[in-house]
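Derivation of every value follows stated rules applied to the coordinates shown; laboratory data play no part. Just so it is clear, the model here is predicted, and its values are computed rather than measured. Every residue, glycine among them, receives a Cβ derived from its backbone with ideal geometry; neighbour counts consider all protein chains shown.
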Amino acid sequence: MFRAGQLDGVGLDLAAMRAWLAAQLAAGAGRASLSRRAAAARAFTAWAHRRGHLGADVGTRLVAPRRHRVLPSVLRQDQAAEVMSASQAGAREQDPIALRDHLIVELLYATGVRVSELCGLDVDDVDRHSNLVRVLGKGGKERTVPFGAPAARAVEVWLRQGRPSLVQPDSPPALLLGARGGRLHSTAVRRIVHSAVVAVPGTPDLGPHGLRHSAATHLLEGGADLRSVQELLGHATLATTQLYTHVTVERLKAIHDRTHPRSR
């Protein structure tokens, strides 16, 4: 057991704790690991101070290096077009599952909705006249997202020829149904998207969130402003949407390095 004030004389101060983190960083510890260890150290000094083992809580100002924000993998615009074309080709046989899977990739890319939002859609959430979809996002916030002609065609074919073949007497009003007539689960959507993307040679390995990233990136590349993209994606803050500006800048730099005669 610690005695009152016992830790005050062992050199446990802010400088020592910062040096401890710096030594771990130099030894190759990752930023995520350092963040967890700093949090554990702060919890310990707070406990020691409350119990009287430290005269002051020396860990309150201990800050670990910030984690790097990893740029998401995205499809190039030509790759996205190839994925959609390949998916459409698979749906030409009019198989209900193939029609549904094509709708999934088209709607995810057209709207940039989250996979949970897609799976939560009911048939009545799709305004087929105006090409709008009503989405219930994080925190129960509702938003309306437009989609274009290719996704509209996929919706029409699915509702006319695909969904009626899968619907059962006890099926929910879900837009997307599984093979047994129940609401399609997000796990199945991830598998479907992964299969559709890897079927096109040279594409990065990504899932539904990758299509969301791709949609946002291509909107910005096409001239959309950040506020509009924020609203479409349902981001609570503009800071989250600004991540996609870094993606577009990185891609512009890569293009410049690859094509400009004075880039090197």
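With θ taken as phi - 60° and the coefficients 6.51, -1.76 and 1.60, list the Karplus ³J(HN,Hα) couplings across the range 79-93 in order, rounded to whole Hz; mark glycine and proline as x.
5, 4, 5, 5, 4, 5, 5, 5, 5, 5, 4, x, 8, 5, 6
Which residue, chosen from VAL197, LEU177, LEU136, occupies the Cα position most advanced towards the positive end of the dipole of the range 95-252, where the dipole is computed from +1 (Lys, Arg) and -1 (Asp, Glu) charges on Cβ about the Cα centre?
About the Cα centre, the residue reaching furthest to the positive side is LEU177.
Would you work out if the range 13-141 is rounded, prolate or oblate? Take a ≥ b ≥ c from the square roots of the eigenvalues of the alpha-carbon gyration tensor; rounded if a/c is under 1.5, else prolate when a/b is larger than b/c, oblate otherwise. Numbers along the way, then the final one.
Numbers: a/c = 4.80, a/b = 2.59, b/c = 1.85.
It is prolate, given that a/c is not under 1.5 and a/b is the larger ratio.
Determine the shape class of the range 163-259: with a ≥ b ≥ c the square roots of the Cα gyration tensor eigenvalues, call it rounded for a/c under 1.5, and otherwise prolate if a/b is greater than b/c, oblate otherwise.
Values: a/c = 3.56, a/b = 1.80, b/c = 1.97.
Oblate is the answer for the range 163-259, as a/c is 1.5 or above yet b/c matches or exceeds a/b.
Sort 206-219, 93-106, 125-138 by packing, meaning the average of other beta carbons within 10 Å per residue, with the highest value first. Show your work: numbers first, answer last.
Numbers: 206-219: 22.1, 93-106: 20.4, 125-138: 15.4.
The packing order, highest mean first, is 206-219, 93-106, 125-138.
To the nearest 20 debye, what charge dipole does the chain have about its Cα centre, counting +1 at the Cβ of each Lys and Arg and -1 at the Cβ of each Asp and Glu? Walk me through the intermediate numbers first.
Numbers: 35 positive and 23 negative charges, 240 e Å.
That gives the chain a dipole magnitude of about 1160 debye.
Provide, as a two-decimal number, the C-alpha radius of gyration of the chain over 2.2 N^0.38 Å, N being how many residues it has.
Working: Rg = 25.3 Å, N = 264, 2.2 N^0.38 = 18.3 Å.
The chain yields a ratio of 1.38.
In Å, what Kirkwood hydrodynamic radius results for the range 77-209 from the alpha-carbon pair distances?
Answer for the range 77-209: a Kirkwood hydrodynamic radius of 14.8 Å.
Taking one equal scatterer on every alpha-carbon of the range 164-216, how large is log10 of I(q)/I(0) by Debye at q = 0.13, 0.20, 0.23 1/Å?
Log10 I(q)/I(0), no solvent term: -0.42, -0.75, -0.84.
Explain nothing, just the number: relative contact order of the chain, from Cα pairs under 8 Å at least 6 residues apart, as a whole percent.
The value is 18 percent.
Starting from the Cα of ASP124, step 7 Å toward the Cβ, then list every residue of the range 166-184 with an amide N under 11 Å from that point.
173
Starting at the first residue of the range 45-61, write each ³J(HN,Hα) from the Karplus equation 6.51 cos²θ - 1.76 cosθ + 1.60 with θ = phi - 60°, in whole Hz, x for Gly and Pro.
For the range 45-61, the Karplus-derived couplings read 5, 5, 5, 5, 5, 4, 7, x, 7, 10, x, 9, 7, 7, x, 4, 9 Hz, x marking Gly and Pro.
Over the range 172-213, what is the relative contact order in whole percent, taking alpha-carbon pairs under 8 Å and six or more residues apart?
25
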